[in-house]
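A.B. asks: Below is the structure I would like to discuss, written out as structure tokens.
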Amino acid sequence: MQMVNKLKQVLEKGEVALGTAVFSYSPTIVEVAGYSGLDFVRIDNEYSWRRDESMEHIIRAATIAEITPILRIDKGDHYLINKALGTGAGGILVPDVSTKKEVEDLIKAAKYPPKGTRGYSSFCFSGQWGARGGEDWVNWSENETLVGIMVENEEVITKLDEILSMEGLDFVLFGPADYSMSIGLRGPQKNHPKVQDAIKKTIEVANKYGKPVAIGIGQPWEEEARKYIDLGCRIIEMGNDLVVLRSVWKALSSTMKNV
């Protein structure tokens with residue numbers, strides 16, 4: 001179980017990490033993503049609701065296929081952080097962060113003493129249900145798991161320096177949809193000048209402190225990827241399982257109707 005975090009390894013090499021998101025909660029889809037050569041999969045537990053054994057099945061699938069599972073969890077529930085890392089998540093991602101205090105609390109919840117307040121028990125999947133524990137497992141859990149936040153509101157943009165300079169914060173994911181809403185737009189407008197300015201500002205500050213920025217892209221895939229890689233993003237999330245499958249089926253159905 002104590003495998004190398006593939007996403008972290010790619011980033012440490014200075015390369016761009018490629019991944020996707022999963023909303024279907026299908027272990028098979030997670031395995032397919034890993035076998036397709038992706039570095040990470042973001043498992044959504046903010047809008048899709050899963051607090052049962054299905055999460056462990058998805059993490060097992062990620063482990064089998066050697067793809068890093070990043071688990072997005074609800075803001076303000078720090079008990080979930082220990083559960084997520086114990087389950088075997090390669091990283092946790094918290095949405096809608098606005099203040100330095102919120103990030104401090106998040107980091108403390110993800111780290112063992114003396115860095116934080118995370119409770120110890122190796123009786124979990126990442127601890128091989130107690131078969132592996134102690135200092136070796138504690139060090140692995142702290143060194144190989146990533147802590148990330150979402151940048152998705154106007155308030156946090158004014159505090160980027162004090163937040164992104166914090167030790168223990170590993171990466172950020174910019175959320176253009178919610179950022180659009182936070183500035184008064186009535187829906188996702190990723191290409192709106194104000195949203196683009198916020199993306200560029202986030203990348204600029206994050207790169208100053210060595211914190212990789214992630215962003216989701218859509219079609220046209222190559223054009224979108226190149227644009228944000230050139231801007232300085234180092235983690236590219238290519239749609240999600242539902243969007244990719246729907247787009248393929250839609251294209252196929254349109255083509256086949258003309259056969």
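A.B. asks: Compute the relative contact order of the chain as a whole-number percentage, counting only Cα pairs closer than 8 Å that sit 6 or more residues apart in sequence.
C.D. replies: Reported as a whole number, the value is 18 percent.
A.B. asks: Cα gyration tensor of segment 137-246, axes a ≥ b ≥ c as square roots of the eigenvalues: rounded (a/c below 1.5), prolate (a/b > b/c) or oblate?
C.D. replies: Taking the square roots of the gyration eigenvalues as a ≥ b ≥ c, segment 137-246 is oblate.
A.B. asks: Provide the net charge surrounding SER122, with neighbours chosen by a C-beta distance below 12 Å and charges set as Lys +1, Arg +1, Asp -1, Glu -1.
C.D. replies: Residues near SER122 contribute -1 overall.
A.B. asks: Convert each backbone phi in segment 9-16 into a coupling constant with the Karplus relation 6.51 cos²θ - 1.76 cosθ + 1.60 (shift: θ = phi - 60°), then list the ³J(HN,Hα) values in order as whole Hz, x for Gly and Pro.
C.D. replies: Once rounded to whole Hz, the list reads 5, 4, 5, 5, 7, x, 8, 8.
We did not get these values from a lab; they are worked out from the coordinates using the rules stated. Bear in mind the structure is a predicted one, so any value in this text is a computation, not a measurement. We place every Cβ from the backbone using ideal geometry, glycine too, and count neighbours over all the protein chains shown.
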